[in-house]
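Colleague: This is the structure I want to talk about, given as structure tokens.
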Amino acid sequence: MNSLLPSARAAVLATLLLAVVTGGLYPLTVWAVARIAFPKSAAGSLVSDSTGSIRGSHLLSQNFTGNQYFHPRPSSAGSAGHDASSSGGSNLGPTSLKLRELLQERITAYRSLNNLATNQPVPADAVTTSASGLDPHISPRNAELQAPRVARARGIPTEKVVELVHRLTAGPDLGFLGDPRVSVLELNLALDTQPTVP
């Protein structure tokens, strides 16, 4: 019994010390370094509009549905999609009949919405979800195919919308990681600053 008490005391002290270090000091240090070295990222990479109001984050998609806006990728996050508290994919695999039918519905809807020919190739990101369901970007080709619809709805020349798409297209990270991409939120916020014809 006498030898058990010192061992128990040492175990309790070690547990308390580890709890303070790993549950308090380490997270506080990481938070402080992030706030100093990467203040925008540490605050959630928030995006503000021209009035200074926060409209979203560079990291998360939002669902835009009006014809005057570029539409994001489809999303399986949450019951209505684009739910940041319910990130995830559909878990439907390449041999799934349900996935094949869903993709065909999305292809048909995309062509119809954007006034495309029935045999027009559709970019994969226009009809498939990302693994998280919250990818905030679309491909430049997806944006270019949506540009005429957006231009018509806003009463501005298509060339002006396409020029905005090209200006806001980001290249691969470090010049070689990933593909060129366009942030749907930034694109739509930039469009909202453009004058429109009623």
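Colleague: Distance in nm between label sites at residue 192 and residue 15, each 7 Å beyond Cα in the beta-carbon direction?
Modeller: Using points 7 Å along Cα→Cβ, the separation is 5.1 nm.
Colleague: Counting only C-alpha contacts under 8 Å and six or more residues apart, can you give the relative contact order of the chain as a whole percent?
Modeller: Relative contact order comes out at 19 percent.
Colleague: What list of ³J(HN,Hα) couplings, whole Hz, do you get for the range 120-136 from phi and the Karplus terms 6.51, -1.76, 1.60, once you set θ to phi - 60° and write x for glycine and proline?
Modeller: Going residue by residue, I get 5, x, 10, x, 4, 6, 7, 10, 10, 8, 7, 4, 8, x, 10, 5, x Hz, with x marking Gly and Pro.
Colleague: What whole-number volume per residue, in cubic angstrom, does the convex hull of the C-alpha atoms of the chain give?
Modeller: With only Cα atoms used, the chain gives 212 Å³ per residue.
Colleague: Follow-up. Compute the long axis of helix 97-113 from its Cα atoms, compare it with the longest principal axis of the Cα atoms of the chain, and write down the angle in degrees, 0 to 90, nearest 10.
Modeller: Relative to the chain, helix 97-113 is tipped by roughly 50 degrees.
Colleague: I want to check the label-to-label distance for residue 115 and residue 22. Put each point 7 Å from Cα in the C-beta direction and report it in nm to one decimal.
Modeller: 6.1 nm
Colleague: Compute the long axis of helix 140-154 from its Cα atoms, compare it with the longest principal axis of the Cα atoms of the chain, and write down the angle in degrees, 0 to 90, nearest 10.
Modeller: In the chain, helix 140-154 runs at an angle near 60 degrees to the longest axis.
Colleague: Now for a different question. How much length, in nm to one decimal, is gained on full extension between residue 46 and residue 97, taken as 0.36 nm per residue of separation minus their Cα-Cα distance?
Modeller: 14.5 nm
Colleague: Give the share of C-alpha pairs in each 5 angstrom bin for the range 9-71, from 0 to the last occupied bin, in whole percents, shortest bins first.
Modeller: 3, 14, 12, 14, 12, 10, 9, 8, 7, 5, 3, 2, 1, 0
Colleague: Please list, in chain and number order, the residues 5+ apart from residue 55 or on another chain whose amide H is under 5 Å from its amide H, with Hs placed from the backbone.
Modeller: 47, 48, 49
Colleague: Determine, for each peptide in 138-147, 16-25, the mean count of other beta carbons within 10 angstrom over its residues, then list the peptides with the highest first.
Modeller: Top of the packing list down: 138-147, 16-25.
Colleague: At each listed q (0.10, 0.15, 0.19, 0.24 Å⁻¹), what is the log10 of I(q)/I(0) that the Debye formula gives for the range 1-108 modelled as equal alpha-carbon point scatterers?
Modeller: Log10 of I(q)/I(0), two decimals: -0.62, -0.89, -1.09, -1.28.
Colleague: Ok, one more. Is there a quick way to get the dipole size of the chain? I mean about its Cα centre, with the Cβ of Lys and Arg at +1 and of Asp and Glu at -1; what is the value in debye to the nearest 20?
Modeller: Charge dipole of the chain: 140 debye, to the nearest 20.
Colleague: What shape does the range 79-120 take by its C-alpha gyration tensor, where a ≥ b ≥ c are the square roots of the eigenvalues and a/c under 1.5 counts as rounded, a/b above b/c as prolate, and the rest as oblate?
Modeller: Oblate.
Colleague: For the range 149-194 and the range 72-121, what is the centre-to-centre distance using only Cα atoms, to the nearest Å?
Modeller: The two parts, judged by their Cα centres, are 21 Å apart.
Colleague: Specify the angular offset, from 0 to 90 degrees and rounded to the nearest 10, of the alpha carbon long axis of helix 26-37 from the longest principal axis of the alpha carbons in the chain.
Modeller: 40 degrees
Colleague: Which of the peptides 85-97, 68-80 is most tightly packed, and how do the rest follow, going by the mean number of other Cβ atoms within 10 Å of each residue?
Modeller: Going from most to least packed, we get 68-80, 85-97.
Quick note: the coordinates plus some simple rules give every number you see, no bench work behind them. Because the structure is predicted, anything quoted here is derived from the model rather than measured. We place every Cβ from the backbone using ideal geometry, glycine too, and count neighbours over all the protein chains shown.
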